[in-house]
Amino acid sequence: NKKESLHVEKIRPALVHIETHFHEEIKIKTLAEVCNLSEPYFRKLFRNCMKTSPLEYINTVRVQKACDFLQKKDFPVNDLAWQVGYSSVSTFERNFKKIVGQTPKQWRLKSSNDREFVGYQTKALRGWLE
């Protein structure tokens with residue numbers, strides 16, 4: 001749909017910003033500004049295009065990055081929370097479990113063959129960047 005494509009293009013700068021700044025504090029106001037949109041309109045457009053809120057999307061990206069770190073390195077979970085942009089370990093662990101279904105420690109213990117991240121939203125972004 002041409003109209004949907006135009007809407008996705010309007011929020012694309014925010015998606016790129018999230019992907020490149022996931023490890024920093026990200027304010028919805030900033031995302032709206034990089035898209036040259038008002039914050040209420042940005043929130044509405046984002047939800048319509050991505051089928052999730054901007055905050056939920058940010059959390060999904062951060063948890064996916066955490067999964068990437070957990071697969072490659074033996075990070076302590078406390079350090080990992082900061083690496084992916086959380087200021088609180090408990091918030092990181094709560095969001096990780098909500099999105100992945102397990103705690104970071106449980107997920108790390110699974111064999112690498114069994115690991116799976118259900119990150120349908122962030123995979124869409126990769127397609128846009130290719």
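The table that follows gives values for the structure above.
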item: Residue in segment 64-78 that is open to solvent by 40 Å² or more (accessible area, probe 1.4 Å), acidic (Asp, Glu), within 15 Å of the chain's Cα centre (by Cα) and farther than 15 Å from Ile28 by Cβ present; result: yes
item: Residue list for segment 55-75, filter: over 12 Å from Phe92 (Cβ atoms) and not in a helix (DSSP H, G or I); result: Lys73, Asp74
item: Any pair with Cβ under 6 angstrom, 6 or more apart, that starts in segment 15-43 at a residue that is under 13 Å from Leu55 (Cβ atoms) and ends at one that is open to solvent by 90 Å² or more (accessible area, probe 1.4 Å) and modelled with pLDDT of 95 or more; result: Glu39/Lys29
item: Subset of segment 47-63 (residues that are touching a residue at least 12 places away in the same chain (Cβ under 8 Å), within 14 Å of the chain's Cα centre (by Cα) and open to solvent by less than 60 Å² (accessible area, probe 1.4 Å)); result: Met50, Thr52, Pro54, Tyr57, Ile58, Asn59, Thr60, Val61, Arg62, Val63
item: Lone unmet requirement of (1) part of a loop (DSSP other than H, G, I, E, B); (2) free of Cβ contacts under 8 Å to residues at least 24 places away in the same chain; (3) among the hydroxyl-bearing types (Ser, Thr, Tyr) for Tyr86; result: (2)
item: Qualifying position, being closer than 23 Å to Thr91 by Cα, open to solvent by 20 Å² or more (accessible area, probe 1.4 Å) and assigned to a helix (DSSP H, G or I), among Lys44, Lys29; result: Lys29
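The values are calculated or read from the model by the stated rules, or taken from the named source; none is laboratory data. These figures come from a predicted structure and were not determined experimentally. All Cβ positions, even for glycine, are placed from backbone atoms using ideal geometry, and neighbour counts span all protein chains on display. Note: areas computed on protein heavy atoms with side chains; ligands, DNA, RNA excluded. Shrake-Rupley method; radii C 1.70, N 1.55, O 1.52, S 1.80 Å.
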